[in-house]
Amino acid sequence: MTDTRVAARTGTAPRIGESARRPDGAPKTSGSFAFSSDLWHDRMLWGGTLRSPHPSARIRSIQIGAAVAVTGVHAVLLHDDVPGQKEFGLEHRDQPVLAGDIVRYEGEPVAIVAADHPEAVRMALEAIVVDYEVLAPAVDPMTVEEVEPIHPDGNLIRRIHLRHGDQDVVGDVQVEGTYEVAMQDQAFLGPESGMAVPADDGSIDLYVATQWLHSDRDQVADCLGLEPGSVRLTLAGVGGAFGAREDLSLHVHLCMLAQHTDRPVKMVYSREESFHGHVHRHPAQMWYRHHATSDGTLVRVEARLVLDGGAYASSSSAVIANATCFAAGPYRVPSADIDGAVVRTNNPPCGAMRGFGAVQTCYAHEAQMDKLAEALGMNPIELRLHNALEPGDELLTGQTITGTAPVAEVIRSCAEHPSAAAIALDPMELPGGAGRTAGPEDVVRGEAFALGFKNLLFSEGFDDSSEAACRLEGGVATITSACAEVGQGFVTVAQQITREVLGVEEVVMAPATTATVGSAGSTSASRQTWMSGGAVKEACEKVRVQLLERVAAQQGADVSDLVLVDGRIVSLAGGLDIDLAEATAEPVEADVVFRHAQTWPLDDDGQGNAHVSFAFSAHRAIVDVDTGLGLVKVVELTTSQDVGRILNPMQVVGQLEGGAAQGVGLAVMEEVLVVDGRIRNASFTDYLVPTALDMPPVEIAALIEQAEPGAPFGAKGIGEPPSISSTAAVAAAIRVATGLDLPRVPVRPTDIVFPEGEA
Amino acid sequence: MEVSVTVNGEVRTADVEPRTLLVHFLRDDLGLTGTNIGCDTSSCGACTVLVDGRSAKSCTMLAVQADGADVTTIEGLAGEDGLHPMQEAFHECHALQCGYCTPGMVMAAVSLVDEYSDMDADGVREGLEGNLCRCTGYQNIVKAVLAASE
């Protein structure tokens, strides 16, 4: 017998566990990668959107005559021109493609225009006359349930009143607090853009940057009054997503204009329009009361959560489910009463953003844990360790954790990691940098810790699947999946998985399109490595089995004696050694639909086995604060995360660093300022995102590897946790530095200089 | 107005509206779409190119201001032998995810390294402050620039 099974690899292309480089890295660094904004067609027209200047108004009339008369204009379309269903929506079809007789948020699309030049589009949009009867907007999420419904579906989008355990429990020690999270923008760098190309048979091709091709396709088809197969949606290059591309934006508009003019139509949002054109992270107002025994054992958590969903539902139902289910954090809590509501207002619509729902409550429950530690006179790390969830524990939903939950390991490794943060000597390193006024003696330092968790994949009984196909021909594997690569690196991991299973070197990723393969589901909820990675793995395994069976039959060999190693098929008994390219001159193909373990809906008390799996993370933040000007410098950020198994170390670390940056942003600078329903800072001049100077290096204390049952190779999704506990840790560190309560993020300079009651 | 700009070593002449921004001239008139537009307010740096060897946000300049200048875009950075060391370093260090900021970031980094030798991580961060990246948290970008400057 030969030692083929353990023969050294001859191939060089990286497999599972190695830091493979991105296959799109060369085109993305050389400028040849085509983003959705780069699409071009010689016959194309440009599209544009007229948006409501009012957060709430009745439309009395719309005059388009002057717009149609603008030279170069080919179409001006309104609500009545929507050929099929007039509304779209991710979970509820409640959002008009174009406003009918009412507008419910500032920026709601009212009319669309196609013309042969962007200037003509602009002139036509200005020439449209809309007569609005302006109404008083309902903008306060705390009272909106009591006012006249602003939508036929009512002002309550979803309420979950979760009750768990004995409701009469009272702790020896109680701490209470109210907390607020402002509206955050995903701020992807590539604004919405795309192109629709009509076909002669009435079908249409849509090229667009998105997170979920088939959901888009289905909604677009319904709105166009077409069969889903008549809309072919192909992923165009995506300039970041982070949740903001899970809903439709310009999709139906492009298709309507293309159908109407019988010309390809391209549309690109400006940054300002982008702020109005996609959903944001839900602002949250939260009240909490924690109960513990005097030795620090949590016995009960009560909370009231109100999330502002804005004018339309988007993914609000899933967001409030996460906020409610994970409201108490990754701790053992035997008794809970969590009332979570997401309401409809005339504010900008809110929906998915990295860590949806869990980000908001993590900031609050971690502030509560620090408050509790103080009340108990206990070390905050010890308090967290004492209550940390373990496998076999029950969540607030009554669900038992059957998978991995290395919460204590995450806490310890992060808390014990040595800090390298030195006292700033270079004035440029002080808060404010070149613009500072404080000397080193006026700067205070704070250090704090936060822990967070969230579900992976979709929950509550959603029929979640991903399809993938593998074709092995001439020794080259081609993978077809509609998984949206948005930057996260699925294309890298899919190649690694394919090489691992099939022993091939060359793996081609076919374009992601609805035309060739079924749904891969959404690139959200940290689900694609698991779901589409799982589909790719199973498709490849199927190909391997089919190939070995075919070769066994051809060679009269025993299939159990054959193995596929490094581009060769060899028999363990010796005597057979066939080049894979030769063996696959005739292709071998397989197609699979991958599903995760079933979940169930929550019952009336918010109880049920609603989730598949969970991931945990911790951050420790060190900040310097200039209390005179209220400026904060995040000096160091250290993290540990529960990752299942690492498929690509470089990409895992990249996600942890990038996700933490978005968390830092929410902690100290990022806020969509909405006043009376109007966005006041729809630009990168006024909406601040962290620069290279704002972000400290992220120190990885530990990546805790415990293979997760049911996950391909045991790998958990890792994209969201970095954005969950980072905000809470930074805010807590500012609290420690200043001694202030800081019940709101982002922490603004005025919150530090003029804390409530002292302004 | 007629402008004549040397772009990636080639003289390009076009009749443009006086208000045409350099970035639109590059993208729409010359088809060089590697230079991206991210913000319209000169905040993000996705449109950074080299003008006479120094980095400039091409949305802050009119095409006519570049008349007679030597402009290098991301497409003109690679040489006969393949990617520029800065492009190679970005790829190698995983200094990009979605890649939208990458062309501008690479151009800004090339200019920075050209101007200041012997930079440390703090210097790179200061030098790239005008270029936003939403995916990476900047750490690998700093690594890549330091690697390429060696």
Among the residues listed as A:311, A:323, A:303, A:327, the single one being in a strand (DSSP E or B) and either within 20 Å of residue A:526 (Cβ to Cβ) or of a type in the set (Gly, Ala, Ser) (or both): A:303
Given (1) open to solvent by 50 Å² or more (accessible area, probe 1.4 Å); (2) modelled with pLDDT of 95 or more; (3) farther than 24 Å from residue A:187 by Cα, index of the condition residue B:150 fails: (2)
Hey, residue A:191 within 14 Å of chain B (Cβ to nearest Cβ), of a type outside the set (S, T, N, Q) and not in a strand (DSSP E or B) or not: yes
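Tell me which residues, restricted to the range B:21-41, are over 19 Å from residue B:77 (Cα atoms), within 8 Å of chain A (Cβ to nearest Cβ) and modelled with pLDDT of 95 or more. Full working, then the answer.
Looking only at the range B:21-41, we keep the residues that are over 19 Å from residue B:77 (Cα atoms), and these are B:21, B:24, B:28-29, B:38-41.
Next, only the ones that are within 8 Å of chain A (Cβ to nearest Cβ) stay: B:38-41.
Of everything in the range B:21-41, those that are over 19 Å from residue B:77 (Cα atoms), within 8 Å of chain A (Cβ to nearest Cβ) and modelled with pLDDT of 95 or more turn out to be B:38, B:39, B:41.
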Residue tally, condition surrounded by fewer than 18 Cβ atoms within 10 Å (Cβ to Cβ) and within 15 Å of the chain's Cα centre (by Cα), over the range B:51-68: 4
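Within the range A:212-232, does at least one residue satisfy the condition of being out of contact with any helix residue (DSSP H, G or I) (no Cβ under 7 Å at 6 or more places or on another chain), open to solvent by less than 30 Å² (accessible area, probe 1.4 Å) and not in a helix (DSSP H, G or I)? Step through it out loud before you land on a result.
Initial filter on the range A:212-232 (out of contact with any helix residue (DSSP H, G or I) (no Cβ under 7 Å at 6 or more places or on another chain)): A:212-215, A:219, A:222, A:225-226, A:229, A:232.
Subset that is open to solvent by less than 30 Å² (accessible area, probe 1.4 Å): A:213-215, A:219.
Subsequent filtering for residues that are not in a helix (DSSP H, G or I) retains none.
There is no residue in the range A:212-232 that is out of contact with any helix residue (DSSP H, G or I) (no Cβ under 7 Å at 6 or more places or on another chain), open to solvent by less than 30 Å² (accessible area, probe 1.4 Å) and not in a helix (DSSP H, G or I).
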Residues of the range B:14-32 classified as aliphatic (A, V, I, L, M) and within 9 Å of residue B:62 (Cα to Cα), total: 3
Whichever residue in the range B:19-38 is without any contact (Cβ under 8 Å) to a residue 60 or more places away in the chain and in a loop (DSSP other than H, G, I, E, B) and, among such residues, is surrounded by the most Cβ atoms within 10 Å (Cβ to Cβ): B:37
Selection from the range A:646-699 of residues that are within 11 Å of another protein chain (Cβ to nearest Cβ), farther than 25 Å from residue A:533 by Cβ and of a type in the set (A, V, I, L, M, F, W, C): A:664, A:682, A:684, A:688, A:689, A:692, A:693, A:695
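Out of the residues in the range A:234-291 meeting the condition of being of a type in the set (S, T, N, Q) and assigned to a loop (DSSP other than H, G, I, E, B), tell me which one is nearest to the other protein chains (Cβ to nearest Cβ). Break it down stepwise before answering.
Filtering the range A:234-291 for residues of a type in the set (S, T, N, Q) gives A:234, A:249, A:259, A:261, A:270, A:274, A:285.
From what's left, assigned to a loop (DSSP other than H, G, I, E, B): A:249, A:270.
Numbers: A:249: 16, A:270: 5 Å.
Once the filter is applied, the top-ranked residue is A:270.
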The lone exception for residue A:612 - which of (1) within 26 Å of residue A:319 (Cα to Cα); (2) without any contact (Cβ under 8 Å) to a residue 12 or more places away in the chain it fails: (2)
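Answer yes or no: is there a residue in the range A:8-18 that is in contact with a strand residue (DSSP E or B) (Cβ under 7 Å, 6 or more places away or on another chain) and at pLDDT 95 or above.
Step one: list which residues in the range A:8-18 are in contact with a strand residue (DSSP E or B) (Cβ under 7 Å, 6 or more places away or on another chain), which gives none.
No, every residue in the range A:8-18 fails to be in contact with a strand residue (DSSP E or B) (Cβ under 7 Å, 6 or more places away or on another chain) and at pLDDT 95 or above.
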Some residue of the range A:77-92 being closer than 30 Å to residue B:19 by Cα, in the same structural domain as residue A:46 (by TED's automatic domain parsing) and at pLDDT 95 or above: yes
Subset tally (residues that are in contact with a Lys or Arg (Cβ under 9 Å, 6 or more places away or on another chain) and open to solvent by less than 10 Å² (accessible area, probe 1.4 Å)) for the range A:382-394: 3
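Listed here are the residues, each with its yes/no results for (1) in a strand (DSSP E or B); (2) touching a helix residue (DSSP H, G or I) at 6+ places or on another chain (Cβ under 7 Å); (3) more than 21 Å from residue A:731 (Cα to Cα).
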residue	(1), (2), (3)
A:398	no, no, yes
A:411	no, yes, no
A:425	no, no, yes
A:431	no, no, no
A:437	no, no, yes
A:448	yes, yes, no
Test for residue A:699: is it outside the structural domain of residue A:530 (by TED's automatic domain parsing), in contact (Cβ under 8 Å) with a residue 60 or more places away in the chain and open to solvent by 60 Å² or more (accessible area, probe 1.4 Å): yes
Residue within the range A:424-440 that is modelled with pLDDT of 95 or more, surrounded by fewer than 21 Cβ atoms within 10 Å (Cβ to Cβ), touching a strand residue (DSSP E or B) at 6+ places or on another chain (Cβ under 6 Å) and not acidic (Asp, Glu) present: no
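Provide a single number: the residues in the range A:528-552 that are aliphatic (A, V, I, L, M) and in contact (Cβ under 8 Å) with a residue 60 or more places away in the chain.
Applying the first criterion (aliphatic (A, V, I, L, M)) to the range A:528-552 yields A:531, A:535-536, A:539, A:543, A:545, A:547-548, A:551-552.
Retained after the next criterion (residues that are in contact (Cβ under 8 Å) with a residue 60 or more places away in the chain): A:531, A:535-536, A:539, A:543, A:547.
Qualifying residue count for the region: 6.
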Single unsatisfied condition, residue B:60 versus (1) outside any loop (DSSP other than H, G, I, E, B); (2) more than 8 Å from chain A (Cβ to nearest Cβ); (3) touching a Cys at 6+ places or on another chain (Cβ under 9 Å): (1)
Unmet requirement for residue A:466, which otherwise passes all of (1) without any contact (Cβ under 8 Å) to a residue 24 or more places away in the chain; (2) crowded, with 24+ Cβ neighbours inside 10 Å: (1)
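Of the residues in the range A:74-91, how many are in contact with a Ser or Thr (Cβ under 8 Å, 6 or more places away or on another chain) and open to solvent by 10 Å² or more (accessible area, probe 1.4 Å)?
If we filter the range A:74-91 for residues that are in contact with a Ser or Thr (Cβ under 8 Å, 6 or more places away or on another chain), which is where we start, we get A:74-75, A:89-91.
Now drop any that are not open to solvent by 10 Å² or more (accessible area, probe 1.4 Å), which leaves A:74, A:90-91.
Number satisfying all stated conditions: 3.
To keep it simple, each residue is scored yes or no on (1) surrounded by 16 or more Cβ atoms within 10 Å (Cβ to Cβ); (2) assigned by TED's automatic domain parsing to the domain that holds residue A:534; (3) touching a residue at least 24 places away in the same chain (Cβ under 8 Å); (4) over 41 Å from the mean Cα position of the chain (by Cα).
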| site | (1), (2), (3), (4) |
| --- | --- |
| A:554 | no, yes, no, yes |
| A:558 | no, yes, no, yes |
| A:565 | yes, yes, yes, no |
| A:577 | no, yes, no, yes |
| A:587 | no, yes, yes, no |
Close pairs from the range B:119-143: first closer than 19 Å to residue A:354 by Cβ and more than 8 Å from every other protein chain (Cβ to nearest Cβ), partner in a helix (DSSP H, G or I) and polar (S, T, N, Q), Cβ under 6 Å, at least 6 apart: none
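Return yes or no: is residue B:103 in contact with a helix residue (DSSP H, G or I) (Cβ under 6 Å, 6 or more places away or on another chain) and open to solvent by less than 10 Å² (accessible area, probe 1.4 Å)?
Numbers: in contact with a helix residue (DSSP H, G or I) (Cβ under 6 Å, 6 or more places away or on another chain): yes; open to solvent by less than 10 Å² (accessible area, probe 1.4 Å): yes.
Judged against the criteria, residue B:103 is a match.
Does residue A:584 fit the bill of being farther than 30 Å from residue A:244 by Cα and hydroxyl-bearing (Ser, Thr, Tyr)?
For residue A:584, the condition - farther than 30 Å from residue A:244 by Cα and hydroxyl-bearing (Ser, Thr, Tyr) - is met.
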Some residue of the range A:317-331 being open to solvent by 10 Å² or more (accessible area, probe 1.4 Å) and among the β-branched types (Val, Ile, Thr): no
Residues (within 14 Å of chain A (Cβ to nearest Cβ), farther than 20 Å from residue B:79 by Cα and surrounded by 10 or more Cβ atoms within 10 Å (Cβ to Cβ)) located in the range B:8-18: B:16, B:17
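The values are calculated or read from the model by the stated rules, or taken from the named source; none is laboratory data. Keep in mind the model is a prediction, meaning the values are calculated, not measured. Glycine gets a Cβ as well: all are built from the backbone with ideal geometry, and neighbour counts include every protein chain shown. These area figures cover heavy atoms from the full protein model, side chains too; ligands, DNA and RNA do not enter into them. Shrake-Rupley method; radii C 1.70, N 1.55, O 1.52, S 1.80 Å.
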